[in-house]
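S.K.: Have a look at the structure that comes next, please.
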Amino acid sequence: MSNEGKRVRAHYRGTLDDGTQFDSSYDRGEPLEFTCCAHQMIPGFDAAVKDMEVGEKKTVHIPCAEAYGERREDLVMFFPAAQVPNIDQIHVDDKLALSGAGGQPVPVTVARRGPGARERFSLPGPFLRRSWHSLRE
């Protein structure tokens, strides 16, 4: 039975190939609710949920092309250090989460700590360079 066009709720844990978790509905205590195959989610997530049954769990691998695409230098952003909390504790290659639309976390990687107190962040995050895995139910 297809879930296409249906309102579904799914718990998930998003991890990178190296096992680093970047997001989890379990940690927020609320499943994600969305209309399946309505372009509200990344294509790989929709495809994984489309034919799932209630209560089913599975692990899927979503390549970059089915997630957020390949890394793009035009998506690298610079922020004044004064706008970054705890900047003195942040290092190059650290993984951070900024708040996106609706309060959803947007994973970023610190790409460079620069002169003039400007920090460089790679957006929308480490999953641009790597595919990611997610456990869904």
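S.K.: Condition (residue is over 20 Å from the mean Cα position of the chain (by Cα), exposed (fewer than 15 other Cβ atoms within 10 Å of the Cβ), farther than 30 Å from Gly5 by Cα and at pLDDT below 80) applied to the range 105-112: is it met by at least one residue?
M.R.: Pass one, the range 105-112, residues over 20 Å from the mean Cα position of the chain (by Cα): 112.
Checking the rest, the ones that are also exposed (fewer than 15 other Cβ atoms within 10 Å of the Cβ) come to 112.
Still in the list and also farther than 30 Å from Gly5 by Cα: 112.
When the remaining residues are screened for being at pLDDT below 80, the result is 112.
The answer is yes; a qualifying residue exists.
S.K.: Looking at (1) free of Cβ contacts under 8 Å to residues at least 12 places away in the same chain; (2) under 28 Å from Val110 (Cβ atoms); (3) surrounded by 14 or more Cβ atoms within 10 Å (Cβ to Cβ), which one does Leu75 not meet, given that it meets all the others?
M.R.: Just one mismatch for Leu75, condition (1).
S.K.: Also: I'd like the full set of residues that are charged (D, E, K, R), without any contact (Cβ under 8 Å) to a residue 60 or more places away in the chain and in a strand (DSSP E or B), limited to the range 1-23.
M.R.: Of the residues in the range 1-23, the ones charged (D, E, K, R) are 4, 6-7, 9, 13, 17-18, 23.
Still in the running and without any contact (Cβ under 8 Å) to a residue 60 or more places away in the chain: 4, 6-7, 9.
Once the filter is applied, which keeps residues that are charged (D, E, K, R), without any contact (Cβ under 8 Å) to a residue 60 or more places away in the chain and in a strand (DSSP E or B), the range 1-23 yields Arg7, Arg9.
S.K.: Right, here's the next one. Could you run through the range 31-79 and say how many residues are over 15 Å from Arg7 (Cα atoms) and of a type in the set (D, E, K, R)?
M.R.: So the answer is 9.
S.K.: For the range 39-67, how many residues meet the condition of being charged (D, E, K, R) and in a strand (DSSP E or B)?
M.R.: The total comes to 1.
S.K.: Now for a separate question. Counting just the residues of the range 24-38 that are assigned to a strand (DSSP E or B) and closer than 18 Å to Thr59 by Cβ, which one comes out modelled with the highest pLDDT?
M.R.: Filtering first and then ranking leaves Leu32.
S.K.: Return the total of residues in the range 68-92 being over 19 Å from Gly14 (Cβ atoms) and not in a strand (DSSP E or B).
M.R.: Number satisfying all stated conditions: 15.
The values are calculated or read from the model by the stated rules, or taken from the named source; none is laboratory data. Worth saying up front: this structure is predicted, and the values here are computed from it rather than measured. No Cβ is skipped: glycine too gets one built from the backbone with ideal geometry, and neighbour counts run over all protein chains shown.
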